[in-house]
1. Kindly check whether there is at least one residue in the range 176-188 that is at pLDDT 95 or above, closer than 25 Å to residue 115 by Cα and surrounded by fewer than 17 Cβ atoms within 10 Å (Cβ to Cβ).
2. Can you tell me which of 361, 369 is touching a helix residue (DSSP H, G or I) at 6+ places or on another chain (Cβ under 6 Å), at pLDDT 95 or above, part of a helix (DSSP H, G or I) and surrounded by fewer than 20 Cβ atoms within 10 Å (Cβ to Cβ)?
3. Being in contact with a helix residue (DSSP H, G or I) (Cβ under 8 Å, 6 or more places away or on another chain), at pLDDT below 95 and over 30 Å from residue 271 (Cα atoms) is true for just one of 151, 146. Which residue is that?
4. Suppose the filter is in the same structural domain as residue 176 (by TED's automatic domain parsing), more than 27 Å from residue 138 (Cβ to Cβ), out of contact with any strand residue (DSSP E or B) (no Cβ under 6 Å at 6 or more places or on another chain) and crowded, with 21+ Cβ neighbours inside 10 Å; does residue 219 pass it?
5. Which of the residues that make up the range 246-263 are assigned to a loop (DSSP other than H, G, I, E, B) and either under 23 Å from residue 188 (Cα atoms) or modelled with pLDDT of 95 or more (or both)?
6. Give the number of residues within the range 219-245 that are modelled with pLDDT under 95 and more than 20 Å from residue 320 (Cβ to Cβ).
7. Pick from the range 231-259 the residues that are more than 16 Å from residue 315 (Cβ to Cβ) and more than 21 Å from the chain's Cα centre (by Cα): which of them is surrounded by the most Cβ atoms within 10 Å (Cβ to Cβ)?
8. If I ask for residues that are surrounded by fewer than 24 Cβ atoms within 10 Å (Cβ to Cβ), in a helix (DSSP H, G or I) and touching a strand residue (DSSP E or B) at 6+ places or on another chain (Cβ under 8 Å), which ones from the range 271-286 would you list?
């Protein structure tokens, strides 16, 4: 009798455990299926008038660009909270220059996208691939993805309103675009191949009749505006770097901070500068532009540590002239910086800091005064 009871109890327990396990397993499978169904979000990450970038952007994109400082004031942060680490920490320099570009088409492209890309690249050193490049591909090269706009949406709002070279009618029509040719670029660490890639992108936009988009800089350009800024601004193989990226500005307490978007096209880390007094914003943007130009002209991978920015040593004549025009008669036109790893863990970033005594804001002002002269 006791043995039968034991057997019955064991069978009951086994049945309960089996059913329970199945229920748990079924729930996990359903949950995984639901989780896998979530669409992948496209990252949104705005170059300048002359010489500093000043483009607006939407609230869903990174902080406001140069001319549009955020109006909402967050909690006041102290200088100590705004200051990056004094000593360089871990930093991984980019191994390759990259960029994601797109050409939006209102209807069907005037020329088949793949045929147009092959034609645009003819006579250049840029290799082109339909889809992913093979692992053996050597930069510079472009990979073509032709997508419906449902898979690569137009970013509207202030970003579209600030588009370069587009008429009001073209801006109004762009959100109705049907397809987007996405072109992923891989470039060597030296900036020179970007010139050929920019030429190919310009020709491609002309052949297909589309509007150009720079994903990193968050900027729309007509084919004509692209040529003016991204091609004609080069001088004997030297890029006008600030024509190829954007500076975003955000308000942090009683100060502002800035960061670049698009320097990765040159194989450079992005740059950031914090603890900037609001009255010194324009000078700080000019300093960041000058620093980017110096790094690009150096043709070597930058690393944390000291860096001298000297306006008279800049090789790009027009950019040098524009920067020197901002300096007063008492300016040294040179400043000693210290680059330290920035706060952005996803994108290689170097923060611009200044050696010396005083609070971070005071050191920023002293550095700007050395480069451009004391403010009036």
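The values are calculated or read from the model by the stated rules, or taken from the named source; none is laboratory data. If you're wondering where the values come from, they're calculated on a predicted model, not measured in any experiment. Every residue, glycine as well, gets a Cβ built from its backbone with ideal geometry; the counts of neighbours run over all protein chains shown.
1. No, every residue in the range 176-188 fails to be at pLDDT 95 or above, closer than 25 Å to residue 115 by Cα and surrounded by fewer than 17 Cβ atoms within 10 Å (Cβ to Cβ).
2. Working: 369 fails: touching a helix residue (DSSP H, G or I) at 6+ places or on another chain (Cβ under 6 Å).
Going through 361, 369 in turn, the sole match is 361.
3. Working: 151 fails: in contact with a helix residue (DSSP H, G or I) (Cβ under 8 Å, 6 or more places away or on another chain).
Among 151, 146, only 146 is in contact with a helix residue (DSSP H, G or I) (Cβ under 8 Å, 6 or more places away or on another chain), at pLDDT below 95 and over 30 Å from residue 271 (Cα atoms).
4. yes
5. Initial filter on the range 246-263 (assigned to a loop (DSSP other than H, G, I, E, B)): 253-254, 262.
Hit for the range 246-263 is 262, nothing else.
6. Of the residues in the range 219-245, 0 are modelled with pLDDT under 95 and more than 20 Å from residue 320 (Cβ to Cβ).
7. 255
8. 278, 281
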